[in-house]
Each structure stands twice: as structure tokens, then as C-alpha cells.
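Beneath this line is the structure, given in C-alpha cells, with notes to follow.
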Amino acid sequence: MEPEPPGKDEAFARPDIRSPGDIRLLVDSFYEKVKPDPVIGYFFHEIARVDWDHHLPVMYDFWETVLLDAGKYSRNAMEPHFRLNAKERLKPEHFERWLALFSRTIDEHFSGPVAEIARTRAESIAGIMRLKMEKAGSGTGAAGSSPAAMEPG
Ligand code: HEM
């Protein structure tokens with residue numbers, strides 16, 4: 001067997017997340033995994049009946065703002081999840097699956113400091129979201145989507 005030529009790792013190294021085009025690739029590839037996923041896919045196509053032409057650009061704005069400081073997203077990202085959770089409980093196993101798919105997407109396309117920030121931000125937002133959904137879910141009826149349910153603590 002021939003030894004690996006030097007520099008191969010560099011030649012094939014994955015780039016970091018640096019541009020709006022990278023964000024687009026991240027988001028598009030992530031949702032290509034989410035859509036057919038047996039664990040969380042149905043939240044998107046059955047529970048929320050997501051309009052992808054609307055949702056994907058929102059997600060580009062969200063991740064551009066989180067990772068590239070683009071200032072394009074200023075909504076409350078928790079809000080639609082409260083509505084979702086009121087229809088169908090978002091459970092720890094769903095968040096674990098979401099994070100596993102997100103992390104795999106990053107691994108497939110990117111590596112570097114911003115890619116790691118993407119991973120840790122997703123983990124921390126998912127952690128907060130999971131706790132908030134749990135809390136809202138333990139309330140009564142519509143409490144899951146009430147403004148009070150969005151108060152921290
Ligand atoms: C079990 C995990 C999750 C599920 C099933 C889920 C599902 C969804 C669905 C169905 C929507 C579209 C709602 C609609 O248009 O009516 C949505 C929106 C969104 N999700 Fe999630 N999500 C999850 C976790 C997360 C996490 C961890 C993040 C952030 C790191 C996130 C960020 C967002 C954002 C930014 C939006 C757009 C909100 C807006 O319209 O302004 N989601 N999610």
C-alpha cells in the first residue's frame with residue numbers, strides 16, 4: 001500500500017462557517033435530515049405543517065444572526081415551540097434527536113471555531129427550550145402558549 005500523500009488532510013479539511021452561503025448549506029442540509037426523520041419529522045409536516053418556503057429563510061436569518069452577527073432575526077424563537085408543544089409534547093428524546101441531526105450536519109460540512117459555536121449554541125438553546133417546554137407542559141391547558149410561560153425561571 002502506498003503511504004498517504006502528505007497534505008491530504010489539509011486538502012480535504014472541511015471549511016468553517018463564514019458566509020451566508022455556508023449558513024444556507026448548514027440549514028438546507030439539516031432540514032434534509034429532519035424532514036424524513038422518524039423521530040422528529042412529523043412535528044414539521046404533520047403538527048406544524050411547515051411552509052418550507054417561509055421557514056427556511058427564517059432559519060437562514062436566525063443562524064446568520066447567531067453565528068455571523070447579521071442582526072436579521074429579532075423574533076422570539078421560543079414562541080412557535082410553545083404552540084407546537086401545546087399540540088404535541090416536545091420531549092427530551094425529541095431534543096436529543098434534533099441535536100444529533102444538527103451535530104451530524106455540522107460534522108459533514110464544517111469544522112472550526114464557528115462550527116463549534118454553532119454546536120454549543122444549539123445545545124444551550126435546546127437545553128433552555130427543553131426546560132421551558134417541560135414547565136409549560138406541566139401547567140394546565142393553554143398555559144403552554146401563554147406569555148407567562150415564557151418568563152424566565
Ligand atoms: C425537538 C426539537 C425541535 C422541533 C421539533 C422543532 C420544530 C420547529 C417547527 C415545527 C418550527 C416551525 C413552526 C412554525 O412555523 O409554525 C420551528 C421553528 C423554529 N425553530 Fe424549532 N424545533 C426544535 C428545536 C429547535 C432548536 C433547538 C432551535 C434553536 C437552536 C430551534 C429554532 C427554531 C427557530 C429559530 C424557528 C423559527 C421561529 C420563528 O418563526 O421565528 N428549534 N421549530
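In table form, for the structure just shown:
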read-out: Breaking point among (1) more than 11 Å from the ligand (Cβ to nearest atom); (2) surrounded by fewer than 16 Cβ atoms within 10 Å (Cβ to Cβ); (3) within 15 Å of the chain's Cα centre (by Cα), for Lys33; value: (2)
read-out: Pairs where the first residue, in the stretch 37-66, is within 23 Å of Ile17 (Cβ to Cβ) and part of a loop (DSSP other than H, G, I, E, B) and the second is at pLDDT 95 or above and within 9 Å of the ligand (Cβ to nearest atom), C-beta under 7 Å, 6+ apart; value: Asp37/Arg97; Ile40/Val34; Ile40/His94; Ile40/Arg97; Ile40/Trp98
read-out: Residue within the stretch 9-25 that is surrounded by 13 or more Cβ atoms within 10 Å (Cβ to Cβ), within 13 Å of the ligand (Cβ to nearest atom) and at pLDDT 95 or above present; value: yes
read-out: Search result, residues across the stretch 67-77 that are surrounded by 13 or more Cβ atoms within 10 Å (Cβ to Cβ) and more than 8 Å from the ligand (Cβ to nearest atom); value: Leu67, Leu68, Ala70, Lys72
read-out: Unique residue being of a type outside the set (Ser, Thr, Tyr) and more than 18 Å from Leu101 (Cβ to Cβ) when the list is Arg24, Arg83; value: Arg83
read-out: Matching residues, the stretch 78-87, being loosely packed, with under 15 Cβ neighbours inside 10 Å and either more than 9 Å from the ligand (Cβ to nearest atom) or free of Cβ contacts under 8 Å to residues at least 24 places away in the same chain (or both); value: Lys87
read-out: Answer from Arg121, Arg49 - the residue that is modelled with pLDDT of 95 or more, within 9 Å of the ligand (Cβ to nearest atom) and in contact with a Leu (Cβ under 8 Å, 6 or more places away or on another chain); value: Arg121
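The values are calculated or read from the model by the stated rules, or taken from the named source; none is laboratory data. These numbers come from a predicted model, not from an experiment. Note that each Cβ is placed from the backbone with ideal geometry, even for glycine, and that neighbours are counted across all protein chains shown.
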